[in-house]
Amino acid sequence: MVGVSIAWHLRLRGREVTLVDRREPGRETSYGNAGLIQREAVKPHPFPRDLSDIWRVLPNRSIDIRYRTGAMFAEANPLWQYWRYSAPKSFARIVPEYASLIQHCTTEHEVMFTAANAEHLIRRDGWLQVFRSSDTFQAELAQAAEFRERFGVTFEALDAAQLHTIEPSLGSCAIGAIHWTNAWSVVDPGALVQAYADDFVARGGRIEKAEARSAEPSGHGWRLDTDRGEHRADDLVLATGPWSPVWLDRLGYRMPMFVMRGYHMHYEPAEGRALNYGVMDFEKGYLLTPKRAGLRLTTGAELNTIDAPARFGQLSAAEEAAREMFALGARKEAEPWKGARPCLADMKPVIGPAHQHENLWFAFGHGHQGFTLGPTTGRLVGELMDGERPIVDMKPFRSDRF
């Protein structure tokens, strides 16, 4: 989503653009997410610091977060910095910086899906954050009210009767919900990325399916070598998602970056049941969203290295909890999908010029919100490359901030 959105915006500005991707657009991380454009997600995910949260996570059996011990050691430095940035004072500063990007997400997606004739993939009716306990529900409602005042999110509080009126198939364990009303959902996330890519090509952009191997300065521009040949250009944008650490290392950059992996599986609803909205089981930490392919169950985060073998225990635990909330039918695929989210220690992406090279641009590290923030990132990169004043203050997202 991020790479395609940048290519689209740069082509819209009249630049000659080639998008190099080893797979078809929308088949990697942007394919497997919950498909939400999360206007309400003005707060990133901090490292657990409360003692009760730490004790809950330590047994490594929770649905919202799991870890592999070897990966924790391998990524010790960025995870230590992640813990530091999650301290209350630091996190309080980060939230409005992060929210400055989120506040533009639906507007910028609408520009692109309108141009790409992809409105049919969008649902504008929000999604549901469902609760099992009254205390947690009330605490989250208080924060929602705060974020409504500070950042313009909109929501409705639903008691148990109201919730079961709009979602009658939910189980009795659901005692209420926050209906986020200015967030949107997408019935086929991969298809939306593909629609944006098709519109990019229709506007004269070029996509090359190739494996990028190396990049280096060449004259006043850049040379990119792939398994299909080389490209030369005035500017190079690295929108390399969870693979960014490899490219940064080659180019001599050190940033505290790590991945959080995730899994999904599609299900049929049980006979006579239907799910009308995307549902997050807040205390358990999974999302269940209606998609063209079926009901998509997505897990929380797995702290692991990007290429480690899949570990399906987190998904199995999510499925067990989801069956308490909603009557799922059979699995629709033989194997779960696995992907990785690119995360930086301060929970904000890097967007803008590289601080050690001319004509090199970075756009990565969006964590859980690359799908939400792709079009906003595309606009910002275009504004920066053309020397315009960006729609947000870009200092918090600079590559030299570490």
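The values are calculated or read from the model by the stated rules, or taken from the named source; none is laboratory data. For clarity, every value in this text was computed on a predicted model and none was experimentally measured. Don't worry about glycine lacking a Cβ; one is built from the backbone with ideal geometry, like all the others, and counts go over all protein chains shown.
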In this structure, does D281 turn out to be acidic (D, E) and buried (at least 20 other Cβ atoms within 10 Å of the Cβ)? yes
Residue set A363, A334, A330; condition touching a strand residue (DSSP E or B) at 6+ places or on another chain (Cβ under 6 Å), surrounded by fewer than 23 Cβ atoms within 10 Å (Cβ to Cβ) and of a type in the set (G, A, S); output residue A330
Is it the case that some residue within the range 231-247 is at pLDDT below 95 and touching a strand residue (DSSP E or B) at 6+ places or on another chain (Cβ under 9 Å)? no
Within the range 366-384, tally of residues that are crowded, with 20+ Cβ neighbours inside 10 Å and either assigned to a loop (DSSP other than H, G, I, E, B) or among the hydrophobic types (A, V, I, L, M, F, W, C) (or both): 5
L288 vs. criteria within 28 Å of K348 (Cβ to Cβ), in contact with a helix residue (DSSP H, G or I) (Cβ under 7 Å, 6 or more places away or on another chain) and not acidic (D, E): no
Suppose the filter is touching a strand residue (DSSP E or B) at 6+ places or on another chain (Cβ under 6 Å), buried (at least 18 other Cβ atoms within 10 Å of the Cβ) and among the small types (G, A, S); does A197 pass it? no
Note: among G35, G3, just one is under 22 Å from L344 (Cβ atoms) and touching a Gly at 6+ places or on another chain (Cβ under 9 Å), namely G3
Among the residues of the range 18-32, which ones are within 20 Å of L344 (Cβ to Cβ) and small (G, A, S)? S30
Can you name every residue in the range 132-171 that is in contact with a Leu (Cβ under 9 Å, 6 or more places away or on another chain) and either part of a strand (DSSP E or B) or surrounded by 14 or more Cβ atoms within 10 Å (Cβ to Cβ) (or both)? F155, A157, L158, L163, H164, I166, E167, S169, L170
For L158, are the conditions met, namely being under 27 Å from A270 (Cβ atoms) and touching a His at 6+ places or on another chain (Cβ under 8 Å)? yes
H9 meets each of (1) in a helix (DSSP H, G or I); (2) closer than 16 Å to V201 by Cα; (3) of a type outside the set (A, V, I, L, M, F, W, C); (4) modelled with pLDDT under 95 with one exception, condition (4)
Looking at the range 177-206 only, could you name the residues that are β-branched (V, I, T) and more than 23 Å from E119 (Cβ to Cβ)? I178
Let me confirm something: among Y267, Y263, which residue is over 30 Å from M72 (Cα atoms), modelled with pLDDT of 95 or more and surrounded by 14 or more Cβ atoms within 10 Å (Cβ to Cβ)? Y267
Only one residue in R273, R254, R323 is within 19 Å of S62 (Cα to Cα), at pLDDT 95 or above and among the charged types (D, E, K, R). Which one? R323
Please enumerate the residues belonging to the range 48-102 that are within 30 Å of R150 (Cα to Cα), among the aromatic types (F, W, Y) and surrounded by fewer than 18 Cβ atoms within 10 Å (Cβ to Cβ). W80, W83
Quick one: which helices (runs of 4 or more DSSP H) lie wholly within the range 15-99 and hold at least 2 residues that are at pLDDT 95 or above? 76-85
Total residues in the range 284-310, condition surrounded by fewer than 15 Cβ atoms within 10 Å (Cβ to Cβ) and among the charged types (D, E, K, R): 2
Check the range 204-221 and report whether any residue there is assigned to a strand (DSSP E or B), free of Cβ contacts under 8 Å to residues at least 24 places away in the same chain and among the hydroxyl-bearing types (S, T, Y). yes
Residue within the range 346-360 that is surrounded by fewer than 19 Cβ atoms within 10 Å (Cβ to Cβ), without any contact (Cβ under 8 Å) to a residue 40 or more places away in the chain and not in a helix (DSSP H, G or I) present: no
